[in-house]
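Everything on this sheet refers to the single structure shown next.
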Amino acid sequence: MQHINECAYFHHERMDGNGYPFRIHGDNLSVGSRIMIVSDIFAAITEDRPYRQGMALGKALTVIQELAKKVQSVHAFMKSYQIIFLN
């Protein structure tokens, strides 16, 4: 349970250390935390918000793939996405 709490707790951190609330650099985040970060980004850009429409899945995946060029944990997210949604 502690590992799950940690993953959720750090979901607003960023790989470059500019996240919040702790500004933890990605090298110091667990793989689970990194996957949660990418998942949070995906949810944020695809969900409808009061101030904007959610992004289409194809465009959102393009955004995530661009992120993958910088962040290795994105690959784990993409694999999970394919298993869950495309099978």
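What follows is calculated from the coordinates using simple rules that are stated; it is not laboratory data. Please read these numbers as outputs of a predicted model, since none were measured by experiment. All Cβ positions, even for glycine, are placed from backbone atoms using ideal geometry, and neighbour counts span all protein chains on display.
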- prompt: If you stretched the chain out fully between T62 and M1, how much longer would it get, using 0.36 nm times the residue separation minus the C-alpha to C-alpha distance?
  reply: 18.7 nm
query: For the modelled label position 7 Å from the Cα of S80 along Cα-to-Cβ, which residues of region 43-59 have backbone nitrogen atoms closer than 16 Å?
result: 43-46
query: Taking the Cα-to-Cβ direction at A8 and at N28 and moving 7 Å from each Cα, how far apart do the two end points lie in nm?
result: 2.4
